[in-house]
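Peer 1: Structure in structure tokens, see below.
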Amino acid sequence: METFYQIVVEMKALHGRREIGRFLISTDREFAFKTFNNLKGKTNVLQSQILLLNLLEIHRGSELIIESVACNLEELAENCKIITKDAFKFFNLEK
């Protein structure tokens, strides 16, 4: 079974954190890390922060959070652009 990588967007809500978006970015670990490391935000993540991006490795139905970054709304908009461009490259140009 293939391993793939996603970036999950979470938002702090009244009763905990809620997933508000999910991007499939790659089936290649190195490519996924390269994309994630280009994202804007803070790697020192606190529970009080409103927006969070988590890099997930998914294998055989198990999800493992590898890294997280906290960001504000402007950074989230820029991050969505970065993720979308890189996913396009991976699925259309790289393979």
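Read-outs throughout are calculated quantities, based only on the coordinates presented, and are distinct from any laboratory measurement. What you see is a predicted model; the values in this text were computed from it and never measured. Heads up, the Cβs are rebuilt from the backbone with ideal geometry, glycines too, and the neighbour counts pull from every protein chain shown.
Peer 1: Looking only at the stretch 1-54, count how many residues are closer than 13 Å to Ile65 by Cα, free of Cβ contacts under 8 Å to residues at least 40 places away in the same chain and among the acidic types (Asp, Glu).
Peer 2: Count: 0.
Peer 1: Can you tell me which residue within the stretch 11-29, out of those that are charged (D, E, K, R) and within 12 Å of Leu55 (Cα to Cα), is farthest from the chain's Cα centre (by Cα)? I'd like the intermediate steps shown before the answer.
Peer 2: Step one: filter the stretch 11-29 for residues charged (D, E, K, R), giving 12, 17-19, 22, 28-29.
When the remaining residues are screened for being within 12 Å of Leu55 (Cα to Cα), the result is 22, 29.
Details: Arg22: 7, Arg29: 13 Å.
Per the stated criteria, the residue is Arg29.
Peer 1: Could you list, in sequence order, all residues of the stretch 63-81 that are surrounded by fewer than 17 Cβ atoms within 10 Å (Cβ to Cβ) and either among the basic types (Lys, Arg) or outside any strand (DSSP E or B) (or both)?
Peer 2: Asn72, Leu73, Glu74, Ala77, Glu78, Cys80, Lys81
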